[in-house]
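Down below is the structure, laid out as structure tokens.
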Amino acid sequence: MSVEAITEIRQYLTFKLDHEVFALDVATVREVLDFTTVTKIPRTPEFMRGVINLRGSVVPVVDLRLAFGMTATEKTVNTCIVVVEVVLEGETTIMGALADSVEEVIDLEPEQIQPAPKLGTSIRTDFIRGMGKRESRFVMILDIDRVFSADQLAGLQISAHAAA
């Protein structure tokens, strides 16, 4: 969904990775969990931290900091797992994303959201739905369906099924 497709006030869950604030449309967020034990699966990408047991279901957990080229998420009292629904090739996949902390749910009007910056052809920004203006700072609004490529998520689905 492009910025132009946002025509009404929407709610976003904001969270921190390092010192940057990111946001997800609340419609994609299932729940926020305290950090729990994550079981590592061999031969998965570095950003794939492992899987958790969520009420009997195997849910892959990814470290968004690693996926975005930052240092790995360190466990603190504020570290949490944001459980989201991702659409991959027409199928909904449940996955967890590590966040340093969850901030708040905010309302953004369409005029408060600008398109993601164009940074050249070699830098991928297609996973940023837009830049929300909040007071004097920007909040990067993620398109969770595009954060990971289809190939990466397909690998995670296979790993999760193998661990079940």
Stretch residue 16-residue 111 to full length: gain in nm at 0.36 nm per residue minus the Cα-Cα span?
-> 31.9 nm
Please state the relative contact order of segment 20-84 as a whole percent: Cα pairs under 8 Å, 6+ residues apart?
-> 37 percent
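Here, each number is a calculation from the coordinates, and none is a lab measurement. Quantities reported herein were computed from a predicted structural model and do not represent experimental measurements.
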